[in-house]
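What follows is a short report on a single structure.
Here, each number is a calculation from the coordinates, and none is a lab measurement. The model shown is predicted, which means the values in this text are computed figures rather than measured ones. Quick reminder, even Gly has a Cβ in these numbers, built from the backbone with ideal geometry, and neighbours come from all protein chains shown.
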Amino acid sequence: MVAPVKANVTIYTDSATTIAGFYKIDDIMNLSVRKRAKIPNYQLWMTIAHLIDIKLLTIHMIKVRAHSGD
């Protein structure tokens, strides 16, 4: 929400599930409302997709090892 319009955003996470979910956003958007409702956290994914669209963001997800550097 705080990223400026047309920003390049890099997100570092140890969650492979989150990265996989992010890269499936386009597929989720093409599903019917009934099928979307069956996807875990679909409302959150739809909100993220909306923010990316209206702010014209470029998102890069990078997987890091859990507790690396701790």
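Remarks
- Label zone at residue 62 (point 7 Å along Cα-to-Cβ), backbone N below 11 Å, region 6-34: 10-13
- Each Lys and Arg Cβ is given +1 and each Asp and Glu Cβ -1; about its Cα centre, the chain then shows a dipole of about 260 debye.
- Ignoring lysines fewer than eight residues from residue 6 along the same chain, the ones with Cα atoms less than 18 angstrom from its Cα are 55.
- Degrees, to the nearest 10: 42-55 long Cα axis against longest axis of the chain: 80 degrees
- Relative contact order %, the chain, counting alpha carbon pairs below 8 Å whose residues are six or more apart: 59 percent
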